[in-house]
1. Could you tell me which residue of the range 239-268 is farthest from Arg291 (Cα to Cα), considering only residues that are aromatic (Phe, Trp, Tyr) and open to solvent by less than 50 Å² (accessible area, probe 1.4 Å)?
2. For the range 148-162, how many residues are touching a helix residue (DSSP H, G or I) at 6+ places or on another chain (Cβ under 6 Å) and open to solvent by less than 60 Å² (accessible area, probe 1.4 Å)?
3. When you go through Val233, Val215, Val170 one by one, which is the residue that is more than 32 Å from the chain's Cα centre (by Cα), buried (at least 18 other Cβ atoms within 10 Å of the Cβ) and either aromatic (Phe, Trp, Tyr) or in a strand (DSSP E or B) (or both)?
4. Which residue, of Leu106, Leu125, Leu130, is farther than 27 Å from Ile73 by Cα and at pLDDT below 85?
5. When the range 287-315 is examined, which residues are found to be in contact with a strand residue (DSSP E or B) (Cβ under 6 Å, 6 or more places away or on another chain) and farther than 30 Å from Tyr266 by Cβ?
6. Within the range 180-194, is there a residue that is surrounded by fewer than 13 Cβ atoms within 10 Å (Cβ to Cβ) and in contact with an Asp or Glu (Cβ under 8 Å, 6 or more places away or on another chain)?
7. What tally of residues in the range 275-319 results from selecting those that are in contact with a Phe, Trp or Tyr (Cβ under 8 Å, 6 or more places away or on another chain) and not in a helix (DSSP H, G or I)?
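The values are calculated or read from the model by the stated rules, or taken from the named source; none is laboratory data. Only a predicted model underlies this, so the values are computations on that prediction, with no experimental measurement involved. FYI the Cβ positions are ideal-geometry reconstructions off the backbone, even for glycines, and counts take in every protein chain you see. Ligands, DNA and RNA are stripped out before the accessible areas are found, and what is left, the full protein with its side chains, is counted by its heavy atoms. Shrake-Rupley method; radii C 1.70, N 1.55, O 1.52, S 1.80 Å.
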Amino acid sequence: MNILTILLQTLTAEEIQQRQDSIREGAKQMVALAKEDPHGFWEMAKDSMISFGIKVLAALAIFVVGILLLRWIRSLLHRRFERRKTEPTIASFIISFINISVITLLVVVCVSTLGVDTTSLAALLAAGGLAIGMALSGTVQNFAGGIMLLAFKPFKAGDLIEAQGTLGKVVEVNITATKILTPDNRVVILPNGALSNGIINNYNGRPLRRVEWLVSVSYGVDAAKCKEAIMAVLNSDKRVLQENTDMKELYQELNISAYQLSTVNYRMDAIPAPFVALKSLNENDITFVVRAWVRADDYWDVFFALQERFYTELPPQGFTFAYPHVDVTMLNQ
């Protein structure tokens with residue numbers, strides 16, 4: 001079903017016949033005038049062409065002025081957003097929405113300036129909007145999803161998220177889609193509709209995160225001394241937060257606003273102390289679970305750095321790592 005079919009369905013048979021008769025009558029009058037008074041006909045045609053040309057120039061002038069005004073508005077919004085440090089996701093969404101709305105309004109005004117009946121134009125736009133809405137139902141859903149993302153703010157530009165099977169940093173949120181930059185420098189575009197209705201894992205959703213390691217060593221080691229050695233590694237890294245950390249200074253350092261601190265589960269009144277405990281007795285080894293709190297930006301650096309230190313510093317102290325093996329005892333007969 002095309003737009004013309006939908007438009008014709010909005011008119012009754014009588015209205016269609018009246019419009020067809022009006023067009024025929026007008027054509028007959030023009031032919032009769034051309035036969036009776038050719039000079040007058042061409043004078044009238046010339047005046048009409050001049051009048052229409054003026055309308056075209058006026059419409060072009062309005063369109064050019066409108067585009068320049070739109071650029072000025074976008075520049076003004078950019079400066080204001082930068083001055084107020086508005087989240088890039090919200091800024092890009094608002095600017096994109098204003099851009100589309102102003103251009104649509106500008107086209108309608110230009111068409112009206114040309115003398116086109118706005119009633120017919122409104123009917124055509126309504127029919128076209130219905131057809132486009134039916135064809136682009138997914139796009140409308142993505143638009144609604146974009147509004148939901150801006151309203152509830154599950155993430156912001158710069159956050160590392162995992163959604164729809166993709167892990168990456170959010171670089172832009174526009175009207176219908178969100179752009180994700182993956183660690184291997186690929187740009188993945190996620191539809192806002194699916195994104196707003198799916199599971200979003202935001203690794204930067206909170207300013208502090210807990211790191212966890214599993215350290216497995218051989219049977220026979222002194223568990224208490226092994227725990228002390230692991231704890232010494234934790235305490236020697238200044239990026240690992242301690243229970244006596246001044247939370248007020250920490251939040252000031254992280255530039256966390258009072259509004260963020262007032263939200264649910266965003267604020268921590270104290271940092272839990274680094275933790276080491278014997279987790280499991282396995283077939284070939286025993287496993288210690290190691291936990292510590294760090295700044296969210298330090299998470300992976302601390303994880304990999306201490307993982308390497310556990311591997312290099314524990315064996316020289318007698319805490320060897322186990323591997324699958326079989327002890328064979330031979331008896332002399």
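1. Keep residues of the range 239-268 that are aromatic (Phe, Trp, Tyr), which gives 251, 259, 266.
After this cut, where a residue has to be open to solvent by less than 50 Å² (accessible area, probe 1.4 Å) as well, the list is 251, 266.
On the way: Tyr251: 21, Tyr266: 20 Å.
Among residues in the range 239-268 that are aromatic (Phe, Trp, Tyr) and open to solvent by less than 50 Å² (accessible area, probe 1.4 Å), the one farthest from Arg291 (Cα to Cα) is Tyr251.
2. At the first step, the residues of the range 148-162 found to be touching a helix residue (DSSP H, G or I) at 6+ places or on another chain (Cβ under 6 Å) are 148-150, 156-157.
Now narrow it down to the ones that are open to solvent by less than 60 Å² (accessible area, probe 1.4 Å): 149-150, 157.
Looking only at that region, the number is 3.
3. Numbers: Val233 fails: either aromatic (Phe, Trp, Tyr) or in a strand (DSSP E or B) (or both); Val170 fails: more than 32 Å from the chain's Cα centre (by Cα).
Testing whether each residue is more than 32 Å from the chain's Cα centre (by Cα), buried (at least 18 other Cβ atoms within 10 Å of the Cβ) and either aromatic (Phe, Trp, Tyr) or in a strand (DSSP E or B) (or both) leaves just Val215.
4. On the way: Leu106 fails: farther than 27 Å from Ile73 by Cα; Leu125 fails: farther than 27 Å from Ile73 by Cα.
Going through Leu106, Leu125, Leu130 in turn, the sole match is Leu130.
5. Result: Thr287, Phe288, Phe310.
6. No, there is no match, as no residue in the range 180-194 is surrounded by fewer than 13 Cβ atoms within 10 Å (Cβ to Cβ) and in contact with an Asp or Glu (Cβ under 8 Å, 6 or more places away or on another chain).
7. Within the range 275-319, the first condition is being in contact with a Phe, Trp or Tyr (Cβ under 8 Å, 6 or more places away or on another chain), and the residues that meet it are 276-279, 284-286, 289-292, 296, 299, 303, 306-307, 310-311, 314-315.
Now drop any that are not not in a helix (DSSP H, G or I), which leaves 276-279, 284-286, 289-292, 314.
Number of matching residues: 12.
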